[in-house]
Amino acid sequence: MGTALARAGLAYGFEQLRLERIWAEAIEANVASVRILERLGMRGIGPGEPAAFLGQASRYRRFEISRAEFLAAAPGRHHRQGRAERA
């Protein structure tokens, strides 16, 4: 469910708000969150600030994706979305 929600957020940002690039941060020790960003095609752009997660010392990881990268990773996405909206 996390991946679907994050993908919907990216779609809104690129398709409705017409953003050219979206960036995100996830605490490195939160492996599930990092995996979601990677699964969406976001690429790591470097470390962020130190942080703690569930009492464990960690740091943020920064990610980004461009509109072109997002749309290229989801061929036919608009067609499936349109069908779902009519159902």
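The values are calculated or read from the model by the stated rules, or taken from the named source; none is laboratory data. Remember, it's a predicted structure, so these values are computed and weren't measured experimentally. Don't worry about glycine lacking a Cβ; one is built from the backbone with ideal geometry, like all the others, and counts go over all protein chains shown. Protein only, heavy atoms only, side chains kept; ligands, DNA and RNA dropped before computing areas. Shrake-Rupley method; radii C 1.70, N 1.55, O 1.52, S 1.80 Å.
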Between 0 and 90°, nearest 10: helix 77-86 axis offset from the chain longest Cα axis: 70
Accessible area in square angstrom per residue, the chain, 1.4 angstrom probe: 67
Pick from Ile65, Ile45, Ile36 the residue whose mean-square fluctuation is largest in a GNM of the chain, springs joining Cα atoms under 10 Å. Ile45
Take the Cα pairs of the stretch 1-50, get the Kirkwood Rh, then feed it into Stokes-Einstein at 37 °C and 0.692 mPa s and tell me D in µm²/s. 281
What the Cα atoms of the chain span along the principal axes, largest first and in whole Å, is 47, 25, 19
Over the stretch 11-66, with every protein chain in place, what whole percent of the accessible area is carbon and sulfur at 1.4 Å, could you tell me? 51
Within the set Glu28, Glu69, Glu49, GNM on the chain using Cα springs under 10 Å gives the largest fluctuation to Glu49
If each of Glu20 and Glu49 carries a label point 7 Å out from its Cα toward its Cβ, how far apart are those two points in nm? 2.7
